[in-house]
Amino acid sequence: MSVSAGSRLGPYEVIAPLGAGGMGEVYRARDPRIGREVAIGACGRGLNHPNLLTIFDLGSEGDTPYIVSELLEGQTLRERLPVTQRKAIEYALSVCAGLAAAHDRGIVHRDLKPENIFVTADDRVKLLDFGLARILRETPGEDLSATIVKGTDPGTVMGTADYMSPEQVRGEPVDHRTDIFSLGSVLFEMITGQRPFHRASRIETMHAILNEDAELAGKVGNPAIERILLHALKKNPARRFQSSRDLAFALEAFTGSGESAAVTARTKPRRDKRVECAQPEFIPVTFRRGFVNTARFARDGSIVYGAAWEDRPLELFASLPGDPQARPLGVVDADVLSVSPATGELAVSLGRQFVGGWVSNGTLARLSPAGGAPREIVEHMQDADWSRDGKNLAIIRRTGQQFTIEYPIGHRIHTTPHWISHLRLSPKDDLIAFLDHPIWGDDGGSVVVIDLRGEKLAAGTFSSSCAGIAWTPKGDEVWTAVVGGGAGRDLVAMTVDGKERKVMAMPGRLTLHDINAAGDVFVSFDLGRREIVAGRHSGSVERNLSWCDWSFLTDISTDGSRIAFIEQGSAARGSVGAIYMRPTDGSPAVHLGDGHARTFSPDGKWIAAMTGGPDHLDLLPVGAGQPRRVPVRGLEMMVWWNWLPDGKRLLVWGDEHDHGNCVYEVFVDGDGTARRLAPEGVKWPIAISPDGAYAALTSPDQRLMMYSLAEGEEPCQVPGSRSGDQAVLWGSDGGLYMYRFARISTAIERIDLATGGRENWQELKPDPVGVMNIQPVVLSANLDSYAYSYRRFLSELQVVKGLL
């Protein structure tokens, strides 16, 4: 395709050439309909992923086909080099994600190099130029040695010599593993500043790729990363990482190639006078697929943890570091909370489940190390920790709308309307540390230290994600895992007077579980995703609509054609989510803004979102148009909001100062007055009757209630409902659709509001491995389509020696 500036391709006005690649010439153009600048070039195949170039449109002008994509601002990776080792790993993880999307479609890039990796101005990575790509599913057994590609001679091998795999050099058929070799070469260059096989000529370079090993000695300085590079650069494809996801997991968890039981990683120098080991030792503990909830060191040197492997329920296990054998303790549907330093007795949570986001609920029980059945103590309990003498327990208990810390049990020393978690007593039993979370269910928060009178002594910096707390053996610091400046959770320490320091930076999702008296640190590396699945009640195959790594579903349109969701992971901008809308047919997602979006308007033209403080909501247009602002007065926090059927009002779930969560009515075109409609302590989700007269939501005592939106009418329980039912939709057919919290499978049920009868409407059964819980569930008003979201984690427990 060759066009001149000022000409048109379809509706697009060509501005200037941008360059050329394997896919042909590319131009900067403008879409005059919406005033957006785009890139336009030769037509290619459709791949939809945030680490691949986003495609807006396909068309043709006369005999010239064209493709319209996003216009990227930034630099190629070649222009960015050199980069730090941490940044190199971040970029490699993004490339892995993009390659996984392509490989899932049977597409191999075959020309991966720094020139084809683009880093945008806001540090997002995009893979470019699939001009040498092949769709393997369409051409099985293809002989690539005789393929003719623009810019190459017939019969020559394809790709850029420095980054080609051995099978490419030999002109053999290739598959997705050739991209893994090329990415290994790119990662080698990012970390060392040198190309692993570069020689004086192309022929010598190709000879080195076939016959010589990459020279790593003294160039990386990290044995763990060296093993990863060597594994990616194996000559034989069968001995490399077998998928880009495997390579990503190795990079995130620093588990190396699996060829050694101990993996090392460098840390920054400590700021105190302690002597540190420059290369801490990582010892694997678990070796199965699934997730670990909580893990603790035991008195005898063993390790006790609660894990859900494969499709099994949460269960208690014990093992020794480095030993692949784990011993079941015979307690199913349970999690460990604490091990008594004095007696070895376990404090466990029976029936522990997530009841909203990361908020959990269970029954506290004591389990003797000699065996026997657990003895139940306290219901509706979040966390617990033994005192050092094993005589008392400190607990976090949920009482109505409040969370309380009790020590000993029954003696309240701290009460808060926020949800709190990960309680730990100090080694002298004189202080308590915990995580304080301002938003119900969200894992964003900060470390807080109080004394036994409940007086706050220190509070750490707020982080958008934090997991786990442990005291150092001397009790001089509290450690936790928090999201720092990079892509992963870092280990951070805080003194009892609030001074913070970074202990160890990590590129992966780290959870801190425990620190023992010898200074060993117990962590897990959690490869996690939040996924979205949508389907139709007619029984068609479900479609996975996840976009990035943490896609949080918020709504489905009235006709079921679109979903709204928030990206809260790597695609989020700082602690603010990225708001997206995506068609349920699998078309690319559309980025609407940044903030917290919730529900579609009844006419489908708006999505209600919060992009600033709690003094207003924003109505984001689904199509063409400008955002509108809805003032909200008097609320300290807004967590969720639903449209009323008339499209003129919103129901907001939030709270006023010094009040618990309530439901408020706000007029879209009003003065912002928030009128309270329900008592404190009611919970989202909310289902609104088709006439807008009633709302079904969960009461503080976990009953599904019908509340009148007019004054003077007492609420009543939904007929046929049970404790724990969660409202999904109040249907126009006289039924209330609901589901119940579950880990790996649940069902949308229909309650007949006239008779109270219940029936299953739709089973929800995602692939169970690593699924922690299914939530939320949404249903289209036309009762044709549904969608649901779940968290999936694959955990690997590790003991780290040498940090203390």
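The values are calculated or read from the model by the stated rules, or taken from the named source; none is laboratory data. The structure presented is a predicted model; accordingly, all values stated were derived computationally and were not measured. Neighbour counts run over all protein chains shown; Cβ positions are idealised from the backbone, glycine included. Just so you know, the surface numbers come from the protein's heavy atoms only, side chains and all, with ligands and any DNA or RNA stripped out. Shrake-Rupley method; radii C 1.70, N 1.55, O 1.52, S 1.80 Å.
For a quick protection proxy, order the peptides 88-98, 674-684 by their average other-Cβ count within 10 Å, most packed first. Walk me through the numbers before you get to the answer.
Values: 88-98: 23.6, 674-684: 18.6.
Peptide ranking by packing, descending: 88-98, 674-684.
For labels at Asp615 and Phe462 in the simple 7 Å Cα→Cβ model, what's the distance in nm?
1.6 nm
Using the basic label-point model (7 angstrom from Cα toward the beta carbon), what is the Arg124 to Arg501 distance in nanometres?
In this crude label model, Arg124 to Arg501 measures out at 3.8 nm.
Distance from a point 7 Å along Cα→Cβ of Arg529 to each backbone N in segment 82-120: keep the residues under 13 Å and list them by number.
Answer for segment 82-120: 96-105.
Pulled fully out, how much extra length does the chain show between His591 and Gln717, if you take 0.36 nm times their separation in residues and subtract their Cα-Cα distance?
Numbers: separation 126, 0.36 × 126 = 45.36 nm, distance 3.98 nm.
Length gained between His591 and Gln717: 41.4 nm.
Given a Förster distance of 45 Å, report the FRET efficiency between Thr399 and Glu542 from their Cβ-Cβ distance, rounded to the nearest 0.05. Kindly include the intermediate steps, with their values, before the conclusion.
On the way: r = 39 Å, r/R0 = 0.87.
Rounded to the nearest 0.05, the efficiency is 0.70.
Once the whole set of protein chains is in place, how much accessible area is left on Arg33, using a 1.4 Å probe, in Å² to the nearest 10?
150 Å²
Give, in nm to one decimal, the length gained when the segment between Thr415 and Glu376 is fully stretched (0.36 nm per residue of separation minus the Cα-Cα distance). Before the final figure, lay out each step's value.
On the way: separation 39, 0.36 × 39 = 14.04 nm, distance 2.36 nm.
This chain segment gains 11.7 nm when fully extended.
What's the FRET efficiency of Gln242 with Asp300 using the Cβ-Cβ distance as r and R₀ = 45 Å, to the nearest 0.05? Intermediate results must be reported in sequence, preceding the final value.
On the way: r = 38 Å, r/R0 = 0.85.
The pair Gln242/Asp300 has a calculated efficiency of 0.75.
Among residues other than Arg177 whose Cβ falls under 11 Å from its Cβ, what is the net charge (Lys/Arg +1, Asp/Glu -1)? Numbers along the way, then the final one.
Values: positive: Lys234, Arg239, Arg240; negative: Glu167, Asp175, Asp179, Asp246.
Result for the neighbourhood of Arg177: -1.
With contacts defined as alpha carbon pairs under 8 Å and 6 or more residues apart, what's the relative contact order of segment 450-552 in percent? Write down the numbers at each step before the final one.
On the way: 204 pairs, mean separation 19.0, N = 103.
Once normalised by length, the contact order is 18 percent.
Given the pairs Lys474/Lys499; Lys126/Lys234; Lys126/Lys235, which are separated by over 18 angstrom at their Cα positions?
In this structure, Lys126/Lys234; Lys126/Lys235 exceed 18 Å between Cα atoms.
Sequence gap at least 6, Cα distance under 8 Å: using those rules, report the relative contact order of segment 677-804 to the nearest whole percent.
On the way: 274 pairs, mean separation 19.7, N = 128.
Averaging sequence separation for qualifying contacts and normalising by length gives 15 percent for segment 677-804.
Taking amide hydrogens as modeled 1.01 Å from N in the peptide plane, which residues meet the under 5 Å criterion relative to Val622, leaving out close sequence neighbours?
Hits under the 5 Å cutoff: Trp606, Ile607.
Using Cα-Cα distances under 8 Å and only pairs 6 or more residues apart, what relative contact order does the chain have, in percent?
RCO, the chain: 8 percent.
May I ask for the net charge around Leu320, where only other residues with Cβ less than 13 Å from the Cβ of Leu320 are counted and Lys, Arg are +1 while Asp, Glu are -1? Could the numbers behind the result be given before it?
Working: positive: Arg327; negative: Asp300, Asp323, Asp520.
Result for the local shell: -2.
At 222 nm, what helix-only mean residue ellipticity would the chain give, in deg cm²/dmol to the nearest 500, using -39500 (n - 2.57) for each DSSP H run of four or more? Walk me through the numbers on the way to the answer.
Details: 7 runs with 74 residues, N = 804.
Rounded to the nearest 500, it is -3000 deg cm²/dmol.
Which is farthest toward the positive dipole end of segment 601-674 among Cys662, Trp641, Leu620, measuring Cα position about the Cα centre, with Cβ charges +1 (Lys, Arg) and -1 (Asp, Glu)?
Going by the charge dipole, the pick is Leu620.
Evaluate the charge dipole of segment 694-804 about its Cα centre and quote only its size in Debye, nearest 20, assuming +1 on the Cβ of each Lys and Arg and -1 on the Cβ of each Asp and Glu. Before the final figure, lay out each step's value.
Details: 10 positive and 13 negative charges, 139 e Å.
Computed about the Cα centre, the dipole is about 660 debye.
Which distance in Å, rounded to a whole number, links the C-alpha centroids of segment 765-779 and segment 659-712?
Cα centroid of segment 765-779 versus Cα centroid of segment 659-712: 27 Å apart.
Given Cβ point charges of +1 (Lys, Arg) and -1 (Asp, Glu) and nothing else, what value in debye, to the nearest 20, does the dipole of the chain about its Cα centre take?
Details: 87 positive and 101 negative charges, 297 e Å.
That gives the chain a dipole magnitude of about 1420 debye.
Rounded to the nearest 0.05, what FRET efficiency do Glu204 and Glu25 give with R0 = 45 Å and r taken as the Cβ-Cβ distance? Could you check? Write out the running numbers ahead of the final one.
Working: r = 33 Å, r/R0 = 0.73.
So, using R0 = 45 Å, E works out to roughly 0.85.
Report the gain in length on full extension from Lys391 to Arg633: 0.36 nm times residue separation, minus Cα-Cα distance, nm rounded to one decimal. Don't skip to the end; give the middle numbers.
Numbers: separation 242, 0.36 × 242 = 87.12 nm, distance 4.94 nm.
In short, 82.2 nm is gained.
Work through the residues other than Phe118 whose Cβ is under 13 Å from its Cβ and net out their charges, Lys, Arg +1 and Asp, Glu -1.
Details: positive: Arg78, Arg80, Lys113, Arg124, Lys126; negative: Glu70, Glu73, Glu79, Glu115, Asp122, Asp123, Asp129.
Residues near Phe118 contribute -2 overall.
Using a Cα-Cα cut-off of under 24 Å, which lysines could be cross-linked to Lys605, ignoring same-chain neighbours fewer than 8 residues away?
Partners found: Lys648.
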